[in-house]
Every structure is written in C-alpha cells, then in structure tokens.
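Report on the structure given below.
We did not get these values from a lab; they are worked out from the coordinates using the rules stated. Quantities reported herein were computed from a predicted structural model and do not represent experimental measurements. Every residue, glycine among them, receives a Cβ derived from its backbone with ideal geometry; neighbour counts consider all protein chains shown.
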Amino acid sequence: MTVWGFVKAVVTAPFLGAICAAIGWVNAGTIIFLDFVVHWAFGLEQGLISQVALVVAKHLPLVFGVFGFMGAFVSEVPVQSVFGTARWASAKDIASMAGKHRAGLIIGRDPQKKALLRYDGPSHLMTMAPTRTGKGVGTIIPNLLTAQRSVICIDPKGENARITARAREGFGALHVLDPFGVTDRPSSCFNPFAHLDANDVDIAEHAGTLADALVYDEPGSSGDVHWNEEARALIAGLIMMVVASEPPHLRHPATLRDYLTRPPKAFADLLTRMQESDRCDGLIARAANRHLGKSDCEASGVLSSAQRHTHFLDSPRMKRVMERSDFCFADLKQRTQSVFLVLPPDRLGTYARWLRLMISQSLTEMVRMRNGTSPVEGVTASEAMSATWGSQKKEAPANNSVLFLLDEFASLGRLQAVERAMGLMAGYGVQLWPILQDIHQLRALYGKGANTFLANAGVLQVFGVNDIETAELVARSIGKRDAHYMTASHSEGKQTNSEHIAARNLINADEIMRLPDDRMILLRQGHYPAKLRKIRYYEDKEFKGLFDRI
C-alpha cells in the first residue's frame, strides 16, 4: 500500500466501521424480532436456540464494525490488463544480472549503476546488429578478454585474435588458424579427417557431415538440388576411401581434391578400386557403384559439381592449414583453450567452406566427447594426441561448456550441424552465440528453421537496427500494454467525457530504430525486456590492461 493509500484508509476507516456497525444493528434487530414472532405465533417457550440468537444479535454490530474498519486497509486489487502487461525491466530486475564476482558472459551494462551485466545460464545467445555498430567492441572482445572457458571464435578480420591473444593465453592454450597470415602469427593447423576411423561404425555419418559442409551454394545461387545431393554422396564415398586406403600423412582434404581432379582414366581406375574394397562395411563400394550406375552425362555432371565444391582445396594455404592437427576440438571441454578461425572478409565467399568444415567438425567432436572422454577408449582426446600439441596443464573451469562466438554467422551458409546444435546440443556442453546483421540473414539461410534459433536463444541482444522487419519482430517480441485515453463529446450544450483502453506496443518499430547509439535492447527468456548501455572495451575501466592495441 502506498503512503497516500494508507492516509486515505485512516480517514475512511471510522466511517466505514460506523456504517457496517449500523448494518450489524439492523441485522441484530431482525434476528431478535424473528425470534419473538416465532415464539409468539407457535406459543413456544424461550430455549437454547433463543439464547444463541440473542448472543449473536448482541455481538453482531461489533463484528460488522470491526470488519468494516479493517476493510478500509485492504489493498485494492488492480484491474487486470485488457490487452497486455508488457513493461520494461525495473532497476531491481537489471541489478539481478550484475555482481562484482558474478560469473557468466557479459551482455551489457546497467544504465544507472554502470555495473557489468552477465548471463550465466546454459541457453544459447544471439546478437542482431548491423555492421559497424559495435558488435566487436561491445560483445565479442569483452567476453574474449574475461571468459575463463574454452572458446571457438570466427574472426573475419583477425582483430579479435590480435587484441585478445595475451588474455586468452592467460586462460590456456591458444590456436589461431590463419591460412592467409592476417594476424602476423604462425598459423595452427587442423585436419578434419584426422579423427575418422575406417573401422568406426559411424564412419558414414561422419563422412557425410564433412561432405555436407563442403557442398554449399550461397543463397540466391543456382545450385541444383540433384547435382548437390549426388556430389555430396560421391564426396562422402571418396572421404571414406581416403581414410581407409591412404597412409596417415595423406589422410587430409588435399588428397580428396587429388582424387576428384585425376584424369578420366585414373579416376575410373580409382572407382574400380573402390568397388573392390570391403572397408567401411562395404560403404566405399556402394558409393562407387552409385556413381558408376549413372549415365555418362549424369556422372560427368556429378563429378563437375563435386569439383566445383572442392575448388578451394587447390589453394596451397588451405593445404598447409589442413595437412595436420595441432589440437583436438574435443579437448576444449577438458582444458581451457581458445581457437580463432581467421579468414579475411574478401575471401569469405571463396573459402567459406573451410569455416564450415571447422565448425561442423568441432560440433561433431563435442558430441563424440559429450562427457569429455572417448566413448571407445575411455581416454581424453588430449592424451591421445599429447605428442602433437604438448602438455597443457590448465584445467577447464566447472562450467566446461564451449562457447562458439560465430561472428559473420551468415557467411557459414545453411549448416545442418549448427541447426541441430541450436536445438539439441546445450546438453552436450556447447553454447552457441550467432552474430547476425538482421533477421533477413537468418531467414534467407534457414527459412522457417529460423524460428529454431529464435526459440532457443535465452538471450537476444538488439541494437543499431536499420530495417523495419527486424524492428517489427523485436517490437512484437517485447509485447503490448494498455493505453488509456479520454474522449469528449458535445451534444445539446452538454459535454460527455469517456475513458477508453487500447493496445499499444511497449516500444514501436520506429522507436527501436531511433535508439541512441549507446543503448541496446536485451531480451531474456522469462524476463521483462531491458534497455541497457552498450559496452566499449577500450573506454571501460574493467578491461584496462587486458587487451593489446593494434
């Protein structure tokens, strides 16, 4: 109850009590009168019932008066909302995300108390903001500087690795896969075929996942579904052939490219050898039979499609970065490590398949090592490869889920492994953070599947919105509230005032598009939306001394 409400209750309580007491007197008199009439009409003597009636009548005014007096202090029940109950998060709501020693990912700053706000839940996160609006300085880099957990980060410009390398090395091993030398650091290597085992019962699934990552057409391109599906099947069969028949030092994607670009007679001989192979439970022979069963024209088209999708493997830079493995992605769940995938923006279109291979393989290994141990041998992946990358001793923190910071998420194209991970893999120690420019990018890639990303994002950051569709989506997600307004009408010299209730968005799309440059909207699952301050790591004292200027 408010102070004004209490004062009002004190004033009205005596009057309300007196009125109720008077009602009690009337009821008491009625009881006594009815008791008299009954006994007079039927000639009955006064008994126990009459005594009870007199006692009730005697105390009834007092009881009514007390309840009337107390009723003045009962808070009024607010009228339920008609159209919606949306509101902004209060200062208390926002403060619940803060705390000097609170763990979790940094998601913004309290606009009043200036404290950093964090999210420590298991759900995935998502950011929508156009280019040059502060995604790097306010979302990616602050978390790279402070998150004491394993991280895989797509780094198109190499800036994230250069700025945060010193901080990440303080948490654990650092691996920068930089085939084009953007960061001026020696590039680490990773061979996506290294984990494949021809005797594995799931070899077809793993080879198919890698083939799916390689066969990719950008949105709007004219790739035909049939040719892509057949190219995917051929590539998967050739990957199994590479694993089953080549010596260890040749089991890498460059050998796959060598298979696909052999002269016609040599390629035919390869298919014949595949038909004769009984490895991988006969799956290699089946892949060869499937291709040889096609007409010459169709087979030529399938081979041409497979060659087109693997053309990027001709690059010597790609061959070097995938000819061996310096680490294992599954080890990120055992020890705190950081992996940066660096690819210049001008090469994203040509070499996006390399990023797809890395992300697909990393997610596959997270599933295979769900509990941090090999399901086959019961040893950690790092123990199996300790001679390759050395004896890193830093253990992962209690929260050993691996954070995927997927900057320029749209450059990956539609990737089934990511779509599955968004819906299912929070329980596998994986936390995705896709970073997009707008909702158009997500819908162009995944169509109706875009709802899977939105539904499974426990946190959604939105700022710098420039397109109306994204703004309208956010406005609808925030919800509506009641808007009260008065109208006046005049008739025959008299004025009539009426109060009306209408629905209004808590914030309209145009208002979202006019947010100040230093503000963001944060949507958290099960909480009220919040207007927060954006972070600029190079200006904020919490990050002083943690980063390197470039």
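Ranking 305, 240, 274 by Cα position along the charge dipole of segment 203-316, where only Lys, Arg, Asp and Glu carry charges on their C-beta atoms, puts 274 farthest toward the positive end.
Full extension of the chain between residue 36 and residue 205 gives 51.4 nm of extra length, using 0.36 nm per residue less the Cα-Cα distance.
Taking other residues whose beta carbon is less than 12 angstrom from the beta carbon of residue 147, and scoring Lys, Arg as +1 and Asp, Glu as -1, yields +2. Could you name the lysines whose alpha carbon sits less than 24 Å from that of residue 135, not counting residues in the same chain fewer than 8 places away? Within the straight-line limit of under 24 Å, residue 135 reaches these lysines: 100, 113, 114, 157, 531, 534, 541, 544.
Calculated FRET efficiency, residue 300 to residue 324, Cβ-Cβ distance, R0 = 41 Å: about 0.75 to the nearest 0.05. Roughly how many whole Å is it from the C-alpha centroid of segment 150-226 to that of segment 105-126? One Cα centre to the other: 28 Å. One chain, two ends: residue 350 and residue 73. Fully extended at 0.36 nm per residue, the span grows by 92.4 nm beyond their Cα-Cα distance. Charge dipole of segment 409-520 (Cα centre as origin; +1 on each Lys and Arg Cβ, -1 on each Asp and Glu Cβ, all else neutral): 380 debye, rounded to the nearest 20. For a straight C-alpha distance cut-off of 16 angstrom, the lysines reachable from residue 333 (same-chain residues fewer than eight places away being disregarded) are 393, 394. With each label modelled as a point 7 angstrom along the Cα→C-beta vector, the residue 501-residue 455 pair spans 3.1 nm.
Over the chain, dividing the summed -39,500 (n - 2.57) contributions of all DSSP H runs of at least 4 residues by the number of residues returns a 222 nm mean residue ellipticity of -13500 deg cm²/dmol. Between the listed residues 193, 183, 457, the Cα displaced farthest toward the positive end of the dipole of the chain, a dipole computed from Cβ unit charges relative to the Cα centre, is found at 183. When the Cα positions of 447, 530, 50 are compared along the charge dipole of the chain, 530 comes out farthest toward the positive end, with charges on each C-beta of Lys, Arg, Asp and Glu. Phi angles of segment 341-349 translate, via the Karplus equation with coefficients 6.51, -1.76, 1.60 and θ = phi - 60°, into HN-Hα couplings of 9, 9, 8, x, x, 6, 10, 4, x Hz per residue; Gly and Pro are given as x.
Neighbour counts of other Cβ atoms within 10 Å put 284, 163 in the fewest-to-most order 163, 284. The ranking of 126, 240 from fewest to most other beta carbons within 10 Å of each one's beta carbon is 126, 240. Segment 396-462 and segment 499-546 have Cα centres spaced 21 Å apart.
What share of the DSSP beta bridges in the chain is antiparallel, in percent to the nearest 5? Display every interim value, and only then the final one.
Numbers: 26 of 52 bridges.
Antiparallel: roughly 50 percent of the beta bridges in the chain.
Assuming R0 = 25 Å, can you tell me the calculated FRET efficiency for the pair residue 541 and residue 103, based on Cβ-Cβ distance, to the nearest 0.05? Efficiency for this residue pair is about 0.80. Going from the fewest other Cβ atoms within 10 Å to the most, the residues 58, 319, 135, 541 appear in the order 541, 58, 319, 135.
In order along segment 302-314, phi translates into HN-Hα couplings of 5, 4, 4, 5, 5, 5, 4, 6, 10, 4, 5, 6, 6 Hz, rounded to whole numbers, per the Karplus curve 6.51 cos²θ - 1.76 cosθ + 1.60 with θ = phi - 60° and x for Gly and Pro. Normalised by the number of residues in segment 3-71, the mean separation of alpha-carbon contacts (under 8 Å, six or more apart) gives a relative contact order of 57 percent.
Write down, largest first, the equivalent ellipsoid semi-axes of segment 1-145 in whole Å, where each equals the square root of 5 times an eigenvalue of the alpha-carbon gyration tensor.
Values for segment 1-145, descending: 68, 17, 14 Å.
Give me the Debye-computed log₁₀ of I(q)/I(0) at q = 0.06, 0.09 Å⁻¹ for the chain, equal point scatterers on Cα only, no solvent, two decimals. Scattering profile of the chain, log10 relative to I(0): -0.46, -0.76. When you restrict to C-alpha pairs under 8 Å that are six or more residues apart and normalise by the size of segment 418-535, the relative contact order lands at 24 percent. With an 8 Å Cα cut-off and a minimum separation of 6 or more residues, compute the relative contact order for segment 1-147 in percent. So the answer I get is 22 percent.
Computed over segment 203-316, the alpha-carbon pair-distance distribution with 5 angstrom bins reads 2, 12, 23, 27, 21, 10, 3, 1, 0, each value a whole percent.
Put the Cα centre of segment 307-374 next to the Cα centre of segment 25-58 and the gap is 94 Å.
Express in nm, to one decimal, how much length is gained between residue 6 and residue 490 on full extension, taking 0.36 nm for each residue of separation and deducting their alpha carbon distance.
Details: separation 484, 0.36 × 484 = 174.24 nm, distance 3.82 nm.
So the chain would gain 170.4 nm between residue 6 and residue 490.
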